[in-house]
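These notes concern the structure reproduced below.
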């Protein structure tokens, strides 16, 4: 038999009665996608941010500078520790930059090889343009 009030039957959801999976890591892709092309490489900025956030990097720089000026709020030991952390972050970011440059060069070489196979005349014109001063 068809119930008369089938459209009114409420669906109740009590706490923890359904799926409780939750993504904890924030989605920051909108931030790095908003970097204009002329201002930097969004993928590379994300890699640098994954090493150490901008605020953390600025905090380390501030502690190094304040320890150098012998402010009372930052001890020389804190400044040395921050300088060490800053150097490690710098090394990781430089390694990410080097890897990014290698990936770009590989992609360019692959694109040139495909162009040479697909359109040899366009490949020759491109090489002639690149040879100009």
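The values are calculated or read from the model by the stated rules, or taken from the named source; none is laboratory data. Predicted model, so just to flag it, every value in this text is computed and none were measured. Quick reminder, even Gly has a Cβ in these numbers, built from the backbone with ideal geometry, and neighbours come from all protein chains shown.
Of note:
- Reported count of residues in the range 119-133, each being out of contact with any helix residue (DSSP H, G or I) (no Cβ under 8 Å at 6 or more places or on another chain) and surrounded by 10 or more Cβ atoms within 10 Å (Cβ to Cβ), is 5.
- Some residue of the range 28-44 being out of contact with any strand residue (DSSP E or B) (no Cβ under 8 Å at 6 or more places or on another chain) and modelled with pLDDT of 85 or more: yes
- Within the range 87-106, residues that are on the phi < 0 side of the Ramachandran plot and in contact (Cβ under 8 Å) with a residue 12 or more places away in the chain sit with their Cβ atoms under 6 Å from residues that are in a helix (DSSP H, G or I) and surrounded by 13 or more Cβ atoms within 10 Å (Cβ to Cβ), at 6+ positions apart or across chains, in these pairs: 89/51; 92/51; 93/48; 93/51; 96/47; 100/44.
- Count of residues meeting criterion [within 31 Å of the chain's Cα centre (by Cα) and free of Cβ contacts under 8 Å to residues at least 12 places away in the same chain] in the range 107-129: 8
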